[in-house]
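A short write-up of the structure that comes next.
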Amino acid sequence: MRTGTVPIPGRQQLTAKDILHRLQKSKAKCVITDGSVAPAVDSGGPEWQSLKAKLLVSEGHREGWLNFRELLKHAPSDHHCVTTKRQDPMAIYFTSGTTGAPKRTAHSHSSYGIGLTVSGRVCQDFP
(Lines give C-alpha, C1' and ligand atoms only; values in the text may rest on other atoms or scores of the structure.)
Protein backbone atom coordinates (compact mmCIF):
# COMPACT_ATOMS: atom_id res chain seq x y z
CA MET A 1 0.00 0.00 0.00
CA ARG A 2 2.81 2.41 0.79
CA THR A 3 4.27 2.01 -2.70
CA GLY A 4 0.97 2.37 -4.56
CA THR A 5 0.89 -1.32 -5.41
CA VAL A 6 -2.64 -2.74 -5.63
CA PRO A 7 -2.62 -6.43 -4.60
CA ILE A 8 -4.97 -8.93 -6.22
CA PRO A 9 -4.94 -11.98 -3.95
CA GLY A 10 -5.51 -15.35 -5.56
CA ARG A 11 -5.59 -18.96 -4.46
CA GLN A 12 -2.94 -21.47 -5.44
CA GLN A 13 -5.60 -23.56 -7.15
CA LEU A 14 -6.09 -20.96 -9.89
CA THR A 15 -5.45 -22.28 -13.38
CA ALA A 16 -3.59 -20.41 -16.12
CA LYS A 17 -6.99 -19.46 -17.56
CA ASP A 18 -8.15 -18.09 -14.18
CA ILE A 19 -4.98 -16.06 -13.78
CA LEU A 20 -5.21 -14.68 -17.32
CA HIS A 21 -8.83 -13.61 -16.71
CA ARG A 22 -7.73 -11.71 -13.60
CA LEU A 23 -4.79 -10.10 -15.39
CA GLN A 24 -6.96 -8.94 -18.27
CA LYS A 25 -9.79 -7.57 -16.11
CA SER A 26 -7.47 -5.84 -13.65
CA LYS A 27 -4.87 -4.69 -16.19
CA ALA A 28 -2.18 -5.96 -13.81
CA LYS A 29 1.41 -5.43 -14.90
CA CYS A 30 3.10 -7.84 -12.49
CA VAL A 31 2.54 -11.27 -10.96
CA ILE A 32 3.96 -12.07 -7.53
CA THR A 33 3.77 -15.74 -6.60
CA ASP A 34 5.68 -18.75 -5.36
CA GLY A 35 7.05 -21.75 -7.20
CA SER A 36 3.75 -23.64 -7.12
CA VAL A 37 1.89 -21.12 -9.31
CA ALA A 38 4.78 -19.94 -11.50
CA PRO A 39 4.39 -22.82 -14.01
CA ALA A 40 0.76 -21.77 -14.67
CA VAL A 41 1.94 -18.22 -15.37
CA ASP A 42 4.74 -19.48 -17.61
CA SER A 43 2.27 -21.53 -19.65
CA GLY A 44 0.60 -18.35 -20.88
CA GLY A 45 0.84 -17.35 -24.52
CA PRO A 46 0.86 -14.05 -26.42
CA GLU A 47 -2.22 -12.76 -24.59
CA TRP A 48 0.00 -12.42 -21.50
CA GLN A 49 2.19 -9.76 -23.14
CA SER A 50 0.83 -6.98 -20.92
CA LEU A 51 2.69 -8.59 -18.04
CA LYS A 52 5.79 -6.46 -17.43
CA ALA A 53 7.30 -8.38 -14.50
CA LYS A 54 7.11 -11.73 -12.78
CA LEU A 55 8.28 -11.84 -9.17
CA LEU A 56 9.07 -15.16 -7.52
CA VAL A 57 8.86 -15.45 -3.72
CA SER A 58 10.90 -18.59 -3.25
CA GLU A 59 14.31 -19.89 -2.32
CA GLY A 60 14.81 -21.04 -5.89
CA HIS A 61 15.24 -19.21 -9.14
CA ARG A 62 13.24 -19.44 -12.34
CA GLU A 63 14.18 -18.21 -15.80
CA GLY A 64 12.42 -14.97 -16.71
CA TRP A 65 11.46 -14.23 -13.10
CA LEU A 66 12.83 -11.73 -10.60
CA ASN A 67 13.61 -13.24 -7.20
CA PHE A 68 11.95 -11.35 -4.34
CA ARG A 69 14.51 -12.39 -1.73
CA GLU A 70 17.42 -11.25 -3.90
CA LEU A 71 15.75 -7.92 -4.63
CA LEU A 72 15.03 -7.40 -0.95
CA LYS A 73 18.69 -7.94 -0.05
CA HIS A 74 19.68 -5.04 -2.29
CA ALA A 75 16.74 -2.74 -1.63
CA PRO A 76 17.61 0.75 -0.39
CA SER A 77 16.75 1.49 3.22
CA ASP A 78 15.07 4.80 2.45
CA HIS A 79 11.48 4.76 1.27
CA HIS A 80 9.10 7.47 0.16
CA CYS A 81 5.40 6.76 0.38
CA VAL A 82 3.14 7.58 -2.52
CA THR A 83 0.19 9.87 -1.97
CA THR A 84 -3.15 8.25 -2.60
CA LYS A 85 -6.72 9.47 -2.47
CA ARG A 86 -9.63 7.89 -0.63
CA GLN A 87 -11.19 6.63 -3.86
CA ASP A 88 -7.96 5.09 -5.23
CA PRO A 89 -8.01 1.29 -5.34
CA MET A 90 -6.18 -0.39 -2.48
CA ALA A 91 -6.95 -4.03 -3.28
CA ILE A 92 -8.79 -5.92 -6.01
CA TYR A 93 -10.64 -9.14 -5.38
CA PHE A 94 -12.53 -11.44 -7.71
CA THR A 95 -15.79 -13.18 -6.90
CA SER A 96 -15.94 -16.97 -6.98
CA GLY A 97 -17.59 -17.07 -10.40
CA THR A 98 -20.30 -19.53 -9.39
CA THR A 99 -22.87 -17.88 -11.72
CA GLY A 100 -20.52 -16.94 -14.56
CA ALA A 101 -17.06 -15.47 -14.97
CA PRO A 102 -15.52 -14.09 -11.75
CA LYS A 103 -16.29 -10.39 -11.29
CA ARG A 104 -13.73 -7.78 -10.32
CA THR A 105 -14.40 -5.97 -7.04
CA ALA A 106 -12.09 -3.10 -6.11
CA HIS A 107 -11.77 -1.82 -2.57
CA SER A 108 -10.67 1.77 -2.15
CA HIS A 109 -8.56 3.07 0.69
CA SER A 110 -11.61 4.52 2.42
CA SER A 111 -13.79 1.44 1.95
CA TYR A 112 -11.18 -0.89 3.38
CA GLY A 113 -11.76 0.32 6.91
CA ILE A 114 -8.22 0.84 8.17
CA GLY A 115 -8.48 4.45 9.17
CA LEU A 116 -7.67 6.07 5.87
CA THR A 117 -11.07 7.69 5.37
CA VAL A 118 -10.04 10.98 6.98
CA SER A 119 -7.01 11.87 4.91
CA GLY A 120 -6.79 9.18 2.24
CA ARG A 121 -3.02 9.13 2.70
CA VAL A 122 -1.12 5.90 2.89
CA CYS A 123 2.08 7.38 4.33
CA GLN A 124 0.82 7.89 7.85
CA ASP A 125 1.44 6.07 11.08
CA PHE A 126 -1.57 4.63 12.83
CA PRO A 127 -1.51 3.20 16.37
Filter segment 47-74 for residues that are open to solvent by 100 Å² or more (accessible area, probe 1.4 Å) and within 15 Å of the chain's Cα centre (by Cα) and give the result. Lys52
Filter the strands (runs of 3 or more DSSP E) completely within segment 52-122 down to those with at least 1 residues that are over 30 Å from Ala38 (Cβ atoms) and at pLDDT 90 or above. none
Here are the criteria: (1) at pLDDT 90 or above; (2) among the hydroxyl-bearing types (Ser, Thr, Tyr); (3) touching a His at 6+ places or on another chain (Cβ under 6 Å). Tell me which single one Thr33 does not satisfy. (3)
Tally up the residues in segment 44-93 that are under 26 Å from Asp18 (Cβ atoms) and of a type in the set (S, T, N, Q), please. 4
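The values are calculated or read from the model by the stated rules, or taken from the named source; none is laboratory data. In this text the structure is predicted, and so the values were computed from the model without any measurement. Because the Cβ atoms are built from the backbone with ideal geometry, glycine has one as well, and the counts that use them run over all protein chains shown. Each accessible area value is taken on the protein alone, full model and side chains, heavy atoms only, with ligands, DNA and RNA left out. Shrake-Rupley method; radii C 1.70, N 1.55, O 1.52, S 1.80 Å.
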